[in-house]
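All remarks here apply to the structure that follows.
The values are calculated or read from the model by the stated rules, or taken from the named source; none is laboratory data. In this text the structure is predicted, and so the values were computed from the model without any measurement. Every residue, glycine as well, gets a Cβ built from its backbone with ideal geometry; the counts of neighbours run over all protein chains shown. For the accessible areas, the whole protein counts, side chains as well, though only heavy atoms, and no ligand, DNA or RNA atoms are used. Shrake-Rupley method; radii C 1.70, N 1.55, O 1.52, S 1.80 Å.
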Amino acid sequence: MSLLLGIDLQGDTITLQGVDRRGNRIAYIDEKVSVPFHRFWQVHPDERVRSVRALLLHALHEGLIRPGAVAAIGISCEPGLVLVDSEMEPVPPRSLNWNEIDSEKANPDEVLRKSLEQYPSVARTLSAVFDLQDWLRYRWTGAVATTRSFAWSSGLTRDTSPGEHWDARALEAIGLGSGQMPPVIPGPHRIGTLQEELVRETGLARGTWFCGGTEPRAARLWLAAEPREGVGIVLLEEQGATLWRVAGPPSASTPLKDAIPSPQGDHWYHREALEVSDPRNGDTPVSDVIYDAIRIDPQQQWNIDSSEMMVSADFGSPSRAPALLAGIGLGWYRDLRPLWRKRCPVQTLQQWTEYRSASQQVSGQETREKT
Amino acid sequence: MKSSTTLKEQLPGRFRGSIQGAAIGSALGFPHSGSSRTFMRALGSEVVQGYVRHRSGYFPEGQHGASVQLLSLAADAIAKEGRVCANSIVECWVPLWRENRIVERLPDVDVAMSRWLRRGTSARGCACGPGEAGSGALLCSILVGLWDHDEPDHLIADCEILTGVTHEDTTVRAVSVALATVIAHNLTHHDVVLADVIDGAAEAAARIDPDVPDRIQEIPMMLATPERNAFEQLARTSDDGFDVDHAGVSSDALPIFLVALHCWLRNPSEPVEVIQSCLQTGGAMEMTAAVGGALVGSSIGEDRFPQALLTGLVESSEIIVSATRLFERQRQERGRRSS
């Protein structure tokens, strides 16, 4: 049985998931890292590559994933920044004094501008400017490409085609040329096959495709609901509840943080409200929206009408989107509608609660039987 | 003749002792580098009785390894600049490779230095990436311990600058900081207090890597276990195929540091004992003995080393001059800052 391997680098956790053709999660493993991914400036990019590789090897050795079964790999990763020098090696963050960045949240676009301003000689010798996931993909496949998420969040794309084409003038203003930026590829596209060294080390099949990726929030929004114009999705995060709506491309004046390109690039998610009523606190849910969350406290009490609140298929669990996007790249899902309507359908909170308690009972029974 | 009793009076001797101890350990281990643990144990105390010629025949008796070449040149660079500066250290090291004067290959340092050679000393980011945990430049971190012994706030930052010339790996950086911290501790304390040494090193390493402190904290327990068991525990690596019991210490920075620290703590005031037990660990014993020699030298000074070993070193006068120059510049810089 073939499966799709999804890699998710979010918060302080690396997650690997094996998803079958029907969208069922058949393998799952995660591991904490000491420095969260949003603090990309503190960690050498190869350190992240090593961490992901070590977790993958562990999953393979433990028999969680059968190496020969992996058909394609997809990824979602929090935005980062990797400057690649003329020898296709990453410029170490410490050599650019990134270790002196003391803010809790520094955006890659700000760090890029400041670094190139401070070290113009570095800009001249760069081969490429990558997101962290691009670097991981490059190390595994040797292919140079980036995602629309990174292109958009860098603020260096044209106003007429946001997140799709690099803006030569904007690049020139910070000392870069168009040739130093990787080609922008939609999330599900196949980018490259695994290098021989990785094949030998892991036992993954020769010719396994590594597809393009996206950022974790875009991945969640994409799988949460069928993307029809005007559909609203509320992401329940640690910081609060945020409402996003499906719409067309953003205008030139849209702030970078208020829009996210969908992984496929055919629609956008626009942030409509930063703080909406949060059902976790007993607030009445917003009507006509779908709720999604990566983590829900098991002790959470829902003091609301649970038949009214609609939640996504991956509510309260890591998203299967990175793996499923790889499946799209392989051509497994030519018609995507069954993906949202049948394989990962929206449900009511009541259905979700019942399903979860039932699955907990089953797993408890299995544990007792094993004991 | 007035005997040296205060730390201030002992300081020049401890400065020189650190660097000379490293050179003696390296010179005793250099001819046998790579030999098995069994072979080294069979040599017994003969291994520390005097220098022998390298088996290649190309080097004289008393020849130390490449790590001491780097140490000596880095000491000159720091003394010249009055601070730990990556560019000036690289400028001092580059001729070793350009003129092929390096006495042996140090695979990890070679990679970094070949990048520096190609890109020039003003380039950024030529160090080996994460995963390259070799110990080629580990010895140089003792210079930071000497330089910043009275300014612990600067120690980690300076160590990061020095280690960053060749390595980006967090384990190597954490080990370098731990070694520098122990050297600094020795220069500021009359006696070796086990808990202070271990806690200080672990605390400093924890700022860079979460795993290294746990390994350092294993050492006190290892002091009470049989030597063979302790060695296997401390020298173990992530590579399951590496047989430490037979092949000896691997060339990675962490096992070398742990084994050397363990050997020193078993006999903290006996330089010959420390270096002998380091040499008997086999494998990358040249580096282990150099680190052990530096540790013991920084705690007791140069006078306790056998005179024959001190004078028999190749370039012994240059090594003494480097150490003295570093000490004087350090004192001068501190005086300037305090005034």
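Among all positions in the stretch A:164-173, there is at least one residue which is of a type in the set (Phe, Trp, Tyr), in the same structural domain as residue A:109 (by TED's automatic domain parsing) and not in a loop (DSSP other than H, G, I, E, B). Only a single criterion out of (1) more than 22 Å from residue B:253 (Cα to Cα); (2) among the small types (Gly, Ala, Ser); (3) more than 14 Å from chain A (Cβ to nearest Cβ) is not satisfied by residue B:122, namely (3). Among the listed residues A:19, A:43, A:84, A:33, identify the single one that is closer than 20 Å to residue A:208 by Cβ and of a type in the set (A, V, I, L, M). Step by step, each of A:19, A:43, A:84, A:33 is checked, and only A:19 is closer than 20 Å to residue A:208 by Cβ and of a type in the set (A, V, I, L, M).
Only one entry in B:19, B:89 is more than 19 Å from residue B:315 (Cα to Cα), touching a helix residue (DSSP H, G or I) at 6+ places or on another chain (Cβ under 6 Å), assigned to a helix (DSSP H, G or I) and touching a residue at least 24 places away in the same chain (Cβ under 8 Å), namely B:89. Within the stretch A:12-39, being in contact with a strand residue (DSSP E or B) (Cβ under 8 Å, 6 or more places away or on another chain), open to solvent by less than 40 Å² (accessible area, probe 1.4 Å) and within 14 Å of chain B (Cβ to nearest Cβ) holds for one residue alone: A:33.
With respect to the conditions (1) farther than 25 Å from residue B:148 by Cβ; (2) acidic (Asp, Glu); (3) in contact (Cβ under 8 Å) with a residue 40 or more places away in the chain, residue B:99 falls short on a single one, namely (3).
Residue B:57 satisfies every condition listed in (1) open to solvent by 30 Å² or more (accessible area, probe 1.4 Å); (2) touching a residue at least 60 places away in the same chain (Cβ under 8 Å); (3) of a type in the set (Gly, Ala, Ser) except (2).
Could you name every one of the helices (runs of 4 or more DSSP H) located completely within the stretch B:106-187 that has at least 3 residues being open to solvent by 20 Å² or more (accessible area, probe 1.4 Å)?
Filter on the stretch B:106-187 gives B:107-119, B:152-163.
Evaluate the following for residue A:115: is it small (Gly, Ala, Ser) and within 14 Å of chain B (Cβ to nearest Cβ)? Spelling it out, residue A:115 is indeed small (Gly, Ala, Ser) and within 14 Å of chain B (Cβ to nearest Cβ). Looking across the stretch B:205-231, the residues that are within 14 Å of chain A (Cβ to nearest Cβ) and open to solvent by less than 50 Å² (accessible area, probe 1.4 Å) come down to B:205, B:208, B:209, B:212, B:213. Residues in the stretch A:58-87 that are open to solvent by 30 Å² or more (accessible area, probe 1.4 Å) and assigned to a helix (DSSP H, G or I): A:58, A:61, A:67, A:68. Looking at B:27, B:86, B:22, B:79, just one residue is closer than 22 Å to residue B:135 by Cα, surrounded by fewer than 24 Cβ atoms within 10 Å (Cβ to Cβ) and hydrophobic (A, V, I, L, M, F, W, C), and that residue is B:86. Inspect all residues belonging to the stretch B:69-80 and state whether any of them is of a type in the set (Lys, Arg), over 17 Å from the mean Cα position of the chain (by Cα) and over 22 Å from residue B:251 (Cβ atoms). Yes, the stretch B:69-80 has at least one match.
Which of (1) open to solvent by 30 Å² or more (accessible area, probe 1.4 Å); (2) within 14 Å of chain A (Cβ to nearest Cβ); (3) closer than 30 Å to residue B:186 by Cβ is the odd one out, the single condition residue B:34 does not satisfy? So the condition that residue B:34 fails would be (2).
Check the stretch A:148-163 and report whether any residue there is touching a residue at least 60 places away in the same chain (Cβ under 8 Å), assigned to a strand (DSSP E or B) and open to solvent by 10 Å² or more (accessible area, probe 1.4 Å). Within the stretch A:148-163, none of the residues are touching a residue at least 60 places away in the same chain (Cβ under 8 Å), assigned to a strand (DSSP E or B) and open to solvent by 10 Å² or more (accessible area, probe 1.4 Å). Among the residues making up the stretch A:221-241, a single one is in contact with a strand residue (DSSP E or B) (Cβ under 9 Å, 6 or more places away or on another chain), under 19 Å from residue A:302 (Cα atoms) and open to solvent by 10 Å² or more (accessible area, probe 1.4 Å): A:237.
Yes or no: residue A:274 among the aliphatic types (A, V, I, L, M), surrounded by fewer than 20 Cβ atoms within 10 Å (Cβ to Cβ) and under 30 Å from residue A:155 (Cα atoms)?
Judged against the criteria, residue A:274 is a match.
Residue B:234 meets the stated requirement of being at pLDDT below 95, buried (at least 19 other Cβ atoms within 10 Å of the Cβ) and in a helix (DSSP H, G or I). For beta carbons closer than 6 Å, sequence separation of 6+ or different chains, a first residue in the stretch A:22-44 that is at pLDDT 90 or above and a second that is polar (S, T, N, Q) and not in a strand (DSSP E or B), the qualifying pairs are A:33/A:51; A:35/A:42.
Each row is one residue, and each column tells you yes or no for (1) in a loop (DSSP other than H, G, I, E, B); (2) open to solvent by less than 50 Å² (accessible area, probe 1.4 Å); (3) farther than 24 Å from residue A:159 by Cβ.
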| site | (1), (2), (3) |
| --- | --- |
| A:244 | no, yes, no |
| A:260 | no, yes, no |
| A:328 | no, yes, yes |
| A:335 | yes, no, yes |
| A:358 | no, yes, yes |
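Return yes or no: is residue B:41 touching a residue at least 24 places away in the same chain (Cβ under 8 Å) and either open to solvent by 30 Å² or more (accessible area, probe 1.4 Å) or within 14 Å of chain A (Cβ to nearest Cβ) (or both)? Yes, satisfied. Screening B:136, B:164 for residues that are over 15 Å from the mean Cα position of the chain (by Cα) and either at pLDDT 90 or above or over 15 Å from residue B:70 (Cα atoms) (or both) leaves exactly one candidate, B:164. Please verify whether residue A:341 is basic (Lys, Arg), loosely packed, with under 15 Cβ neighbours inside 10 Å and either in a loop (DSSP other than H, G, I, E, B) or free of Cβ contacts under 8 Å to residues at least 12 places away in the same chain (or both), treating the condition exactly as stated. Answer is no for this residue. Please specify each residue of the stretch A:98-127 satisfying the condition of being free of Cβ contacts under 8 Å to residues at least 24 places away in the same chain and open to solvent by less than 50 Å² (accessible area, probe 1.4 Å). Of everything in the stretch A:98-127, those that are free of Cβ contacts under 8 Å to residues at least 24 places away in the same chain and open to solvent by less than 50 Å² (accessible area, probe 1.4 Å) turn out to be A:103, A:119. Only one of the numbered conditions (1) in contact with a Ser or Thr (Cβ under 9 Å, 6 or more places away or on another chain); (2) among the hydroxyl-bearing types (Ser, Thr, Tyr); (3) under 17 Å from residue A:243 (Cβ atoms); (4) in a loop (DSSP other than H, G, I, E, B) is violated by residue A:287, and that is (1).
Tell me the residue from B:157, B:137 that is more than 10 Å from chain A (Cβ to nearest Cβ) and either hydrophobic (A, V, I, L, M, F, W, C) or out of contact with any Phe, Trp or Tyr (no Cβ under 7 Å at 6 or more places or on another chain) (or both), please.
The match here is B:137.
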